[in-house]
Amino acid sequence: MLVDAGGLTVLAESQDRLGRDAVRLRVSDEGTSYQNTLLISEDTGRITGIENELTKPMEFIPAGVVGYTM
């Protein structure tokens with residue numbers, strides 16, 4: 001389903017914030033300054049985290065991770 005939506009990039013193997021092995025998938029929307037990165041468990045295939053990242057700084061918010069949901 002994610003592949004069909006477009007804007008998906010497989011980044012690398014990684015770990016989530018609890019140290020579990022995961023694959024990172026970036027979902028981009030060309031119309032915004034934000035990107036979402038999904039962390040998919042290598043063991044279960046479930047989403048273990050979502051990072052929301054600002055790609056360009058705004059007035060008082062620097063570029064970088066601005067939100068994380070586990």
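Where a number appears in this text, it was derived from the coordinates with a stated rule and is not lab data. Quick caveat: nothing in here was measured; it's all calculated off a predicted structure. Cβ: placed from backbone, ideal geometry, glycine included. Neighbour counts: every protein chain shown.
Between residue 43 and residue 9, what's the calculated FRET efficiency when r is the beta-carbon distance and R0 is 30 Å? Round to 0.05.
Details: r = 22 Å, r/R0 = 0.74.
E(calc), rounded to 0.05, equals 0.85.
Which one is right for this structure if Rg/Rh (Cα atoms, Kirkwood Rh) is calculated from it: [x] 0.92; [y] 1.00; [z] 1.02?
Derived directly from the coordinates: [y].
Helix-derived [θ] at 222 nm for the chain: sum -39500 (n - 2.57) over DSSP H runs of at least 4, divide by residue count, nearest 500?
Details: 1 runs with 4 residues, N = 70.
Per the formula, -1000 deg cm²/dmol.
Around residue 36, with a cut-off of 14 angstrom between Cβ atoms, what is the net charge of the other residues, counting Lys and Arg +1 and Asp and Glu -1?
So the environment of residue 36 carries a net charge of -2.
Between residue 66 and residue 27, what FRET efficiency follows from the Cβ-Cβ distance if R0 is 22 Å, with the result rounded to 0.05? Kindly include the intermediate steps, with their values, before the conclusion.
Numbers: r = 15 Å, r/R0 = 0.69.
Computed FRET efficiency for residue 66 and residue 27: 0.90.
Sequence gap at least 6, Cα distance under 8 Å: using those rules, report the relative contact order of region 2-69 to the nearest whole percent. Mind dumping the intermediate values first?
On the way: 133 pairs, mean separation 13.9, N = 68.
Rounded, it is 21 percent for region 2-69.
At most 10 other Cβ atoms within 10 Å plus a DSSP loop assignment makes a site exposed; report the longest stretch of the chain without any exposed GluC sites (Glu not before Pro). Walk me through the intermediate numbers first.
Values: sites that count: 30, 59.
The segment 1-29 is the longest one with no such site.
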